Amino acid sequence: MEAWRRQLHEPVRAFPIEKAGPAHVATLKTFDPPLSALEGRRLAGARRRAKRLLFPTEDGELVLLVHLMTAGRLRYLRPGEKGPKAPAFRLVFQGGAQLVLTEAGSKKRAGVWLLTPEAAEEELAHLGPEALGLGPDALEAICAHESRRLHSLLRDQRVIAGIGRAWANEILHHAKLSPFALSRELDKEQIEVLTQAINVELERGLEMRERGANDARTYRVHDKLHEPCYVCGTTIAQVDYEEHTVYYCPDCQTGGRVLKDRRLSRLLR
């Protein structure tokens, strides 16, 4: 998300908005103010809070908030550049450039909100501290307060903001910690290792994305089932849930133990 923010910051502020919308009925989450209130205004650039992109207007009166969820993609199209025929959301700028939101699959989970700055602040108030730049003292306090499996803890935006499913896999592998380890059971050294892993992996991901790397090149553990671990060569394993999948290396992270995949066990009965 930070790579997208950096990529979009300058282009979206170059020209006033000529046409806002249309938006898919499942994508647009607000109706007042209407999208047409953006027309004629200029965006101040792109900002980010956790996994959400924010586009405040230059006059400070409105904020366009975009949450891509898992399958959403946001693209800036230069004048004349071909784009999707029916995006989930579209902004057209004077001169012909466009900002378009698309979403793969039939489930429309990505969202667009047009809010006042006060409403935007309220919408984001539940989010925890940003993951990138998080220090060991802050993480130690979080782990002491929460008794959670680490993979679940890292993905909870109310606790630590900005880590998704894929990066939780990458971070825990880097830290050599089991995704099922309990946060309150980490010692001081493990807290420091996990803090370093969060920052190193997110910085690596940002660098890769800015270089144009796709998911396959960026992720080294996530979505690599049955492939060899890039550190030790052990086959990457998984625990599959309804909404997400945990990927891990049994040798690096769980002392050789394969974690029980309850969903797969049910399927094999």
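The values are calculated or read from the model by the stated rules, or taken from the named source; none is laboratory data. Just so it is clear, the model here is predicted, and its values are computed rather than measured. Cβ placement follows ideal geometry from the backbone for every residue including glycine, while neighbour counts extend to all protein chains displayed. We work out accessible area using only protein heavy atoms, side chains counted, and drop any ligands, DNA or RNA first. Shrake-Rupley method; radii C 1.70, N 1.55, O 1.52, S 1.80 Å.
Data overview
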{"item": "Checking D32 against (1) part of a helix (DSSP H, G or I); (2) open to solvent by 60 Å² or more (accessible area, probe 1.4 Å); (3) in contact with a strand residue (DSSP E or B) (Cβ under 9 Å, 6 or more places away or on another chain), the condition it does not meet", "result": "(1)"}
{"item": "Residue among E118, E140 that is over 22 Å from the mean Cα position of the chain (by Cα), within 30 Å of D187 (Cα to Cα), open to solvent by 40 Å² or more (accessible area, probe 1.4 Å) and among the acidic types (D, E)", "result": "E140"}
{"item": "So G135, is it more than 19 Å from the chain's Cα centre (by Cα) and touching a residue at least 12 places away in the same chain (Cβ under 8 Å)", "result": "yes"}
{"item": "Residue pairs meeting the criteria (Cβ under 6 Å; at least 6 apart or on separate chains; first closer than 21 Å to D215 by Cα and of a type in the set (D, E), in region 175-203; second modelled with pLDDT of 95 or more and buried (at least 20 other Cβ atoms within 10 Å of the Cβ))", "result": "E201/E170; E201/I171; E201/H174"}
{"item": "Subset of region 35-51 [open to solvent by less than 50 Å² (accessible area, probe 1.4 Å) and modelled with pLDDT of 95 or more]", "result": "L35, A37, L38, L43, A44, G45, A46"}
{"item": "In region 63-97, the residues that are open to solvent by 10 Å² or more (accessible area, probe 1.4 Å) and farther than 29 Å from A166 by Cα", "result": "R78, P79, G80, E81, K82, K85, V92, Q94, G95, G96"}
{"item": "Region 1-29, residues that are in a helix (DSSP H, G or I) and either touching a residue at least 60 places away in the same chain (Cβ under 8 Å) or small (G, A, S) (or both)", "result": "E2, A3, W4, R6, Q7, L8, P11, V12"}
{"item": "Test: residue in region 143-158 that is under 29 Å from G60 (Cβ atoms), in contact (Cβ under 8 Å) with a residue 24 or more places away in the chain, out of contact with any helix residue (DSSP H, G or I) (no Cβ under 7 Å at 6 or more places or on another chain) and open to solvent by 60 Å² or more (accessible area, probe 1.4 Å)", "result": "yes"}
{"item": "Hits in region 5-25 - residues which are surrounded by fewer than 15 Cβ atoms within 10 Å (Cβ to Cβ) and either under 19 Å from the mean Cα position of the chain (by Cα) or within 24 Å of G162 (Cα to Cα) (or both)", "result": "R6, E10"}
